Amino acid sequence: MEAVGLATPHEPWNKGKIVGQKAPFKPKDIWALRVRLQMEGRTRELALLNLGIDSKLRGCDLVALKVRDVCHGDQVASRAIVMQHKTQRPVQFEITTATRDALQAWIRHAGLKPDSFLFPSRLHESPHLGTRQYARILGHWVDELGLDRADYGTHSMRRTKATLIYRRTKNLRAVQLLLGHSKLESTVRYLGIEVDDALEISEQTEI
């Protein structure tokens, strides 16, 4: 009788990897990266970084933006409204002056039209930057900042400004609206508020 071969156990995708909430970037890291991208003339990356921080969009929504989504005529708008792919709920965000300047420079440099994807892919099989490409670009940014890739991901971009706003205002409802969450509980979990607040109280307590 032939021996029945044992099936090779399937290795979990996350074996050896740190999973869970990714850390938001610190303001000093964002400023350091902005300066580097500006000095090196990396126009597309600067526009991607700034808009990623301002919009607080998920990666799939950020890479699928078209020029018309952020522009009124030939000018980049100060605010935009985008329908989220995951929730099918609209979310509004402010586009700061620095981001408008970066986007204007990129649109002009790339010769983009209103119906063009804001971040076209350099790969023939994709019309716009893919989420994996976006993640690779972000990974290089993390390396350039001397940070650990295991601690950061594309959601770090989404969490950065939201976390900063919460820490300054403690206004959960405002952050919920900015992130486009349907439930306040989702915002609480997303920001990891209980953990952050406990650490903050601990740091302020002198022994």
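The values are calculated or read from the model by the stated rules, or taken from the named source; none is laboratory data. None of these values were measured; they are calculated from a predicted model. Glycine also receives a Cβ, built like all others from the backbone with ideal geometry; neighbour counts cover every protein chain displayed.
Specify which of the listed residues (LEU37, LEU57) is aliphatic (A, V, I, L, M) and touching a strand residue (DSSP E or B) at 6+ places or on another chain (Cβ under 9 Å). One residue alone meets the criteria, LEU57. Being assigned to a helix (DSSP H, G or I), under 27 Å from ASP74 (Cα atoms), among the β-branched types (Val, Ile, Thr) and modelled with pLDDT of 85 or more, is that true of even one residue in the range 137-152? Within the range 137-152, not a single residue is assigned to a helix (DSSP H, G or I), under 27 Å from ASP74 (Cα atoms), among the β-branched types (Val, Ile, Thr) and modelled with pLDDT of 85 or more.
As a summary of the residue check, GLY41 satisfies the conditions (1) part of a loop (DSSP other than H, G, I, E, B); (2) surrounded by 15 or more Cβ atoms within 10 Å (Cβ to Cβ); (3) modelled with pLDDT of 90 or more except for the one numbered (2). Do we find a residue being in contact with a Leu (Cβ under 7 Å, 6 or more places away or on another chain) and surrounded by 15 or more Cβ atoms within 10 Å (Cβ to Cβ) anywhere in the range 72-80? Yes; the residues of the range 72-80 include at least one that is in contact with a Leu (Cβ under 7 Å, 6 or more places away or on another chain) and surrounded by 15 or more Cβ atoms within 10 Å (Cβ to Cβ).
In the condition set (1) in contact with a helix residue (DSSP H, G or I) (Cβ under 6 Å, 6 or more places away or on another chain); (2) under 21 Å from LEU147 (Cα atoms); (3) assigned to a helix (DSSP H, G or I); (4) among the aliphatic types (A, V, I, L, M), ALA23 is compliant with all but (3). Checked against (1) modelled with pLDDT under 90; (2) touching a helix residue (DSSP H, G or I) at 6+ places or on another chain (Cβ under 9 Å); (3) of a type in the set (D, E, K, R), ARG168 meets all criteria but (2). Taking the criterion of being without any contact (Cβ under 8 Å) to a residue 12 or more places away in the chain, over 15 Å from LYS26 (Cβ atoms) and part of a helix (DSSP H, G or I), the residues of the range 153-176 that qualify are THR169, ARG173, ALA174, GLN176. Checking LEU118, LEU112 one by one, the residue that is modelled with pLDDT of 90 or more and closer than 23 Å to ARG159 by Cα is LEU118 and no other.
Only one entry of GLN88, GLN92 meets the criterion of being polar (S, T, N, Q) and part of a strand (DSSP E or B), and that entry is GLN92. ARG132: without any contact (Cβ under 8 Å) to a residue 12 or more places away in the chain, of a type in the set (Lys, Arg) and at negative phi, yes or no? Against the criterion (without any contact (Cβ under 8 Å) to a residue 12 or more places away in the chain, of a type in the set (Lys, Arg) and at negative phi), ARG132 qualifies.
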